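To keep things clear, I will list the structure first and then write my remarks on it.
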Amino acid sequence: MVEVSGDLDERFTPVRDALAAELASGNELGASIVVDLDGTTVADIWGGWRDAERTSPWTEDTITNVWSTTKTVTNLAALMLVDRGLLDPYAPIAKYWPEFAANGKEHVEVRHVLSHTSGVSGWDQPFTVADLYDWDTSTARLAAQRPWWEPGKVSGYHASNQGHLVGELVRRVTGKPLKAFVAEEIAGPLGADFQIGAVEADWPRIAPVVPPPPLPFDFAALDPDSPMVKTFSSGALDAGVANTPDWRHADMGAINGHGNARSVARILSSVALGGSVDGVRLLSPDTIDVIFDQQSDGVDLVLGVPLRFGIGFALPETVTVPYVPQGKACYWGGWGGSLILMDLDRRLTVSYVMNRMAPGIIGSDRSERYLRAVLDCLD
């Protein structure tokens, strides 16, 4: 059996065994898993390798690009501003960002961006990966373009641009770029090893991502004007770009957060624990209730699978991610399989990040195995 390091309550031994088995099989290269139960870390484990050549072990302080798990921290930032009375989720975005009213978007609300229902799930062409890194140009283009479907009616996953949309709202109401807000008002106070992008001093401990097989979409057979094609034509389809300096320098709150399971769980456990972590208050219970105001429930126009979104996070459903527990829970994850679950009924937070990306966009066989193991231990 492959060695798995870290600490865990003995009743969560099956979670460690599941990670060890995936590492031994080669499905997993390097990964970390954290389980927080009622404010106590009952599992903080890691194992495997940082690099595909297996020369550098995954250690306690290894971090990696967590893809769309970044969105959960970015949306938490927005909810913190809701909590402070600086953002109204039911107000038009144009109240804070006047330019966004252009081209029929004057009635698009903050909640629509936080729930992927705004109709602005990507950028009109032409658009390149390099354009993602130019904050002023990319946000101005989002403000100027027309929605791709009627806002507020159905979700269409804002794959690469949700961080730009939410981040511009954060900047407009606080004067801080998103990455600075996360560093100074979330990660810093909590002592969480998480950042949007990654400062160069931390690059030696980053586990580069290992790209997955191609996305399971035949774009040539799809309508080029569909939200799916248009969205995925304006993002990073080559996962290897996440290992480049430009990517790590950028402020992209949808896709380039760097951390590990410990830091992600530390931050997002605030939701499961009623808004505070070790005396650091991020949200009030009333704002946490806002998360569970359902905004959509049906087949997502971009991902093509049934999803249910509240404000800031996905809510449980029974088809696409059936292993997420029902009840008062919310979750999301990242391309390749990273996952963060907040189960308020159990006061449970489960986080998993890895460097070898699995096929698909939402969850993976590995994340399902780990989460089911955690829930089995509790049941």
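Looking at the structure I just gave you, is ILE340 modelled with pLDDT of 95 or more, part of a strand (DSSP E or B), hydrophobic (A, V, I, L, M, F, W, C) and within 27 Å of GLY122 (Cβ to Cβ)? Show your work before the answer.
Values: modelled with pLDDT of 95 or more: yes; part of a strand (DSSP E or B): yes; hydrophobic (A, V, I, L, M, F, W, C): yes; within 27 Å of GLY122 (Cβ to Cβ): yes.
Answer is yes for this residue.
Would you call THR74 in a helix (DSSP H, G or I), modelled with pLDDT of 95 or more, under 20 Å from LEU378 (Cβ atoms) and of a type in the set (S, T, N, Q)? Don't jump to the end; show me each part of the working.
Values: in a helix (DSSP H, G or I): yes; modelled with pLDDT of 95 or more: yes; under 20 Å from LEU378 (Cβ atoms): no; of a type in the set (S, T, N, Q): yes.
Here the answer is no, as THR74 does not meet what is asked.
For region 197-313, give me every one of the strands (runs of 3 or more DSSP E) that falls completely inside it and has 1 or more residues that are basic (Lys, Arg). Before you say what the answer is, go through the steps one by one.
Details: elements: 257-259, 296-299, 306-309.
In region 197-313, the matching strands (runs of 3 or more DSSP E) lie at 306-309.
Working carefully through the options GLU368, GLU317, find the one that is surrounded by fewer than 23 Cβ atoms within 10 Å (Cβ to Cβ), more than 15 Å from the chain's Cα centre (by Cα), under 28 Å from LYS230 (Cα atoms) and not polar (S, T, N, Q).
Numbers: GLU368 fails: under 28 Å from LYS230 (Cα atoms).
Matching residue, one of GLU368, GLU317: GLU317.
Can you tell me which of ASP379, ASP293, ASP345, ASP278 is acidic (Asp, Glu) and either under 15 Å from the mean Cα position of the chain (by Cα) or farther than 18 Å from VAL35 by Cβ (or both)? Steps first, please.
Numbers: ASP379 fails: either under 15 Å from the mean Cα position of the chain (by Cα) or farther than 18 Å from VAL35 by Cβ (or both); ASP345 fails: either under 15 Å from the mean Cα position of the chain (by Cα) or farther than 18 Å from VAL35 by Cβ (or both); ASP278 fails: either under 15 Å from the mean Cα position of the chain (by Cα) or farther than 18 Å from VAL35 by Cβ (or both).
Exactly one of ASP379, ASP293, ASP345, ASP278 is acidic (Asp, Glu) and either under 15 Å from the mean Cα position of the chain (by Cα) or farther than 18 Å from VAL35 by Cβ (or both), namely ASP293.
With the requirement that a residue be more than 15 Å from ARG266 (Cβ to Cβ) and in contact with a helix residue (DSSP H, G or I) (Cβ under 9 Å, 6 or more places away or on another chain), what does region 17-44 give you?
Looking only at region 17-44, we keep the residues that are more than 15 Å from ARG266 (Cβ to Cβ), and these are 17-31.
Selection gives ASP17, ALA18, LEU19, ALA21, GLU22, ASN27, GLU28, LEU29, GLY30, ALA31.
Please go through region 80-137 and pick out each residue that is under 23 Å from ALA314 (Cα atoms), among the β-branched types (Val, Ile, Thr) and assigned to a loop (DSSP other than H, G, I, E, B).
VAL108, THR117, VAL120
Can you tell me which residue is nearest to ARG205 (Cα to Cα) among those in region 336-360 that are surrounded by fewer than 24 Cβ atoms within 10 Å (Cβ to Cβ) and aliphatic (A, V, I, L, M)?
MET357
Of all residues in region 189-239, which are of a type in the set (Asp, Glu) and under 19 Å from the mean Cα position of the chain (by Cα)? Lay out the reasoning, then the answer.
Quick first cut of region 189-239, residues of a type in the set (Asp, Glu) only: 193, 200, 202, 218, 223, 225, 238.
If the condition is that a residue be of a type in the set (Asp, Glu) and under 19 Å from the mean Cα position of the chain (by Cα), then ASP193, ASP238 are the ones that fit.
Which condition breaks for SER270 when tested against (1) more than 21 Å from GLN162 (Cα to Cα); (2) among the hydroxyl-bearing types (Ser, Thr, Tyr); (3) surrounded by fewer than 23 Cβ atoms within 10 Å (Cβ to Cβ)?
So SER270 meets the others, but not (3).
So, PRO147, is that one modelled with pLDDT of 95 or more, assigned to a loop (DSSP other than H, G, I, E, B) and in contact with a Gly (Cβ under 6 Å, 6 or more places away or on another chain) or not?
Details: modelled with pLDDT of 95 or more: yes; assigned to a loop (DSSP other than H, G, I, E, B): yes; in contact with a Gly (Cβ under 6 Å, 6 or more places away or on another chain): yes.
Yes.
In the set PRO57, PRO89, PRO14, which member is touching a residue at least 60 places away in the same chain (Cβ under 8 Å) and more than 30 Å from PRO177 (Cα to Cα)?
Values: PRO57 fails: touching a residue at least 60 places away in the same chain (Cβ under 8 Å); PRO89 fails: more than 30 Å from PRO177 (Cα to Cα).
Answer to the selection: PRO14.
Provide a single number: the residues in region 323-335 that are assigned to a loop (DSSP other than H, G, I, E, B) and either surrounded by 24 or more Cβ atoms within 10 Å (Cβ to Cβ) or touching a residue at least 12 places away in the same chain (Cβ under 8 Å) (or both). Don't jump to the end; show me each part of the working.
Pass one, region 323-335, residues assigned to a loop (DSSP other than H, G, I, E, B): 323-328, 334-335.
Next, only the ones that are either surrounded by 24 or more Cβ atoms within 10 Å (Cβ to Cβ) or touching a residue at least 12 places away in the same chain (Cβ under 8 Å) (or both) stay: 323-325, 327-328, 334-335.
The number of residues fulfilling the criteria is 7.
Which residues, counting only those in region 259-279, are free of Cβ contacts under 8 Å to residues at least 12 places away in the same chain and touching a strand residue (DSSP E or B) at 6+ places or on another chain (Cβ under 6 Å)? Let's see the steps before the verdict.
As a first pass, look at region 259-279 and keep what is free of Cβ contacts under 8 Å to residues at least 12 places away in the same chain: 276, 279.
Correct list: empty.
Looking only at region 93-140, count every residue that is buried (at least 18 other Cβ atoms within 10 Å of the Cβ), more than 22 Å from the chain's Cα centre (by Cα) and within 20 Å of LEU178 (Cα to Cα) and tell me the total.
Of the residues in region 93-140, 3 are buried (at least 18 other Cβ atoms within 10 Å of the Cβ), more than 22 Å from the chain's Cα centre (by Cα) and within 20 Å of LEU178 (Cα to Cα).
In region 7-42, which residue that is over 24 Å from the mean Cα position of the chain (by Cα) and under 14 Å from ARG262 (Cβ atoms) is surrounded by the fewest Cβ atoms within 10 Å (Cβ to Cβ)? Working first, answer last.
Here is the first cut: in region 7-42, the residues over 24 Å from the mean Cα position of the chain (by Cα) are 7-14, 17, 20-21, 24-26.
If we keep only those that are under 14 Å from ARG262 (Cβ atoms) too, we end up with 7-8.
Details: ASP7: 10, LEU8: 19.
Ranking the candidates gives ASP7 first.
Output the residues belonging to region 18-27 that are in a helix (DSSP H, G or I) and in contact (Cβ under 8 Å) with a residue 12 or more places away in the chain. If you could, list the steps in order and put the result at the bottom.
The first filter runs over region 18-27 and keeps only residues in a helix (DSSP H, G or I), leaving 18-25.
Scanning region 18-27 gives ALA18, LEU19, ALA20, ALA21, GLU22, LEU23, ALA24.
What do you reckon, is VAL302 among the aliphatic types (A, V, I, L, M) and either surrounded by fewer than 21 Cβ atoms within 10 Å (Cβ to Cβ) or within 30 Å of GLY6 (Cβ to Cβ) (or both)?
No: the conditions fail for VAL302.
Output the qualifying pairs, or none if there are none: Cβ atoms under 7 angstrom, residues six or more apart or on different chains, first residue in region 114-142 and of a type in the set (Phe, Trp, Tyr), second residue surrounded by fewer than 17 Cβ atoms within 10 Å (Cβ to Cβ).
Qualifying pairs under 7 Å: TYR133/ASP246.
Have a look at SER351, SER338, SER367 and point out the one that is free of Cβ contacts under 8 Å to residues at least 40 places away in the same chain, hydroxyl-bearing (Ser, Thr, Tyr) and under 21 Å from ALA20 (Cα atoms).
Details: SER351 fails: free of Cβ contacts under 8 Å to residues at least 40 places away in the same chain; SER338 fails: free of Cβ contacts under 8 Å to residues at least 40 places away in the same chain.
None of the other options fit; the residue is SER367.
The values are calculated or read from the model by the stated rules, or taken from the named source; none is laboratory data. Keep in mind the model is a prediction, meaning the values are calculated, not measured. Every residue, glycine among them, receives a Cβ derived from its backbone with ideal geometry; neighbour counts consider all protein chains shown.
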